[in-house]
Amino acid sequence: MKRKRVLPLCLGALFVAVPAMSQEKSSITLEDLVRASLARNRSVLALRQRIAQAQGLARQAGVRPAPTVEAEGASGRPYGSVGEEQFSAAFVQPVETFGKRKGRVNVAEISVALAEAEVEERSVQIAYEIETGYLSVVCERERISVLDRVSESLRESRRLTDARVREGDAAPLEAQLLAVEQSRADAQRADATGRLIVAEMDLRRLTGLAPTDALPTIGPPTGGKTALPLEELISRAKEKRADLRTTRLLEQQGGADTALAKAEARPDVTISARYAHNNTRLDNQYGFTAGGALTPLREQYNTLSIGVSVPLTTQRRSQGAIEAAAAGAASARLRREYLESSIPLEVQSAYERWTAVTRTRDMLRDGVVGQSTKNLAVVREAYQLGQLRLLDVLNEQRRLTDIELSYLDARVGVARALADLERVTGGLLP
């Protein structure tokens, strides 16, 4: 099975309900499986809602203070002062100063980037868990396949030996030895079957499959190869690791919070404009107009006033918020420095582990498995010629089985090491 970027996965109809009698199957890659799993994973969906929430708050952070329109009327009629009437209207506009709005928008935009980085980090972790869960299923299925081949070979040998015992050509001990060896293989298969059930349940949980959904048809594992040198892997990790990007964003957000807290410590300005109309009439008081006519005395005047309001505050009132924001920025800076120093070690450790298990796999494949198979054939031939005992054949068969299982573990180990290398470098390798 060829691996491109991540381990491929040959699946049946995984994401649709298939009748029990249906034999139609389709093939998708592990990337498709991960993508489909992430699309329905509740924790990832919840984090994506946090992105939408942060985007809404970012839009809200850019809203300017709303102006206020005031209107007021006064009359003395309820208290018998018929001649007293007043009316006023005002327009009040708060004005934010010292870049408060820009600071809020900056903090909110960093929050959006933080939510996106959190989704990416969780997605990488889920993808790693799905891949390792897939490898566990592969390992147990391949183990069962090896044990089935061994058991079938032992069963055939036992059938022939039983026939020879009945004919008097073989000792009963040989049949008993084969029976014990077959029981041992059956016990190993039962143990592998139990682990396979657990691995399949874990894979269902990780991918969101229901208990009634068909499990994928999975091929044998392979670790593939990575041509990237260690230095480039470290560089990719520093560039792509979502947790490192999160700490950098948190450091930026801490600085933005500090600047915003300092800006909010300074007072805003409120500008107002007010128009007032007053109408006063003096009861039983009369005067003469320019034409000499008698008229009641009244007073009318209009006024326009403009005002500026500035609260009397000092920076000390926001000193606690400033110190808290500065402490948050310092904490994020320390976490960033820690990750920047530990990530190269993590990548190097994963790379060395991948290199070691790859070397082990190649040694088992090139110098052990094939030769052990040939050795078993030679021992069987010698047994047929009467030169060796059945116990020698069983020992060689057991040795070959152990080697095949070790080779299987090495192959799966290479794939797991590569998956871990992808995890610590922050994404899929080319």
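The values are calculated or read from the model by the stated rules, or taken from the named source; none is laboratory data. Owing to the predicted nature of the structure, the values given are computational and were not obtained by experimental measurement. Note: ideal-geometry Cβ built from the backbone for every residue, glycine included; neighbour counts use all protein chains shown. Heads up: the accessible areas ignore ligands, DNA and RNA and are worked out on the full protein's heavy atoms, side chains in. Shrake-Rupley method; radii C 1.70, N 1.55, O 1.52, S 1.80 Å.
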Of (1) buried (at least 19 other Cβ atoms within 10 Å of the Cβ); (2) farther than 20 Å from Y407 by Cα; (3) out of contact with any helix residue (DSSP H, G or I) (no Cβ under 6 Å at 6 or more places or on another chain), V138 satisfies every one except (2)
Kindly list the number of the only condition in (1) surrounded by 10 or more Cβ atoms within 10 Å (Cβ to Cβ); (2) modelled with pLDDT of 90 or more that fails for R281.
(2)
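On the given criteria, is G292 on the phi > 0 side of the Ramachandran plot, under 56 Å from the mean Cα position of the chain (by Cα) and at pLDDT below 80?
Numbers: on the phi > 0 side of the Ramachandran plot: yes; under 56 Å from the mean Cα position of the chain (by Cα): no; at pLDDT below 80: yes.
Answer is no for this residue.
Any idea which residue in the stretch 324-350 is nearest to R423 (Cα to Cα), counting only those that are among the charged types (D, E, K, R) and surrounded by 13 or more Cβ atoms within 10 Å (Cβ to Cβ)?
Residues of the stretch 324-350 among the charged types (D, E, K, R): 333, 335-337, 340, 346.
Right, trim to surrounded by 13 or more Cβ atoms within 10 Å (Cβ to Cβ) and you get 333, 335-336, 340, 346.
Working: R333: 23, R335: 19, R336: 18, E340: 16, E346: 10 Å.
Going through the qualifying residues, I end up with E346.
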Residues of the stretch 154-181 being open to solvent by 20 Å² or more (accessible area, probe 1.4 Å) and not in a helix (DSSP H, G or I), in sequence order, are G168, D169, A171
Unique residue being basic (K, R), over 27 Å from the mean Cα position of the chain (by Cα) and assigned to a helix (DSSP H, G or I) when the list is R423, R359, R416, R353:
R359
The one condition in (1) out of contact with any Gly (no Cβ under 9 Å at 6 or more places or on another chain); (2) buried (at least 17 other Cβ atoms within 10 Å of the Cβ); (3) touching a residue at least 60 places away in the same chain (Cβ under 8 Å) that S151 fails to fulfil:
(3)
Within the stretch 65-86, restricting attention to residues that are surrounded by fewer than 11 Cβ atoms within 10 Å (Cβ to Cβ) and modelled with pLDDT of 90 or more, which residue is nearest to N106 (Cα to Cα)?
A66
A careful count of residues in the stretch 362-388 that are surrounded by fewer than 12 Cβ atoms within 10 Å (Cβ to Cβ) and not in a helix (DSSP H, G or I) gives 3
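So which of A89, A36 is modelled with pLDDT under 85 and either assigned to a helix (DSSP H, G or I) or over 30 Å from G413 (Cβ atoms) (or both)? Give the derivation first.
Values: A89 fails: modelled with pLDDT under 85.
A36 is the lone residue from the list that is modelled with pLDDT under 85 and either assigned to a helix (DSSP H, G or I) or over 30 Å from G413 (Cβ atoms) (or both).
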Pairing a residue in the stretch 250-266 that is open to solvent by 50 Å² or more (accessible area, probe 1.4 Å) with any residue that is in a loop (DSSP other than H, G, I, E, B), where Cβ atoms lie under 6 Å and the two sit 6 or more apart in sequence or on different chains, gives R266/F98
Quick check on this structure: which one of E174, E131 is among the acidic types (D, E), under 27 Å from D409 (Cα atoms) and touching a residue at least 60 places away in the same chain (Cβ under 8 Å)?
E131
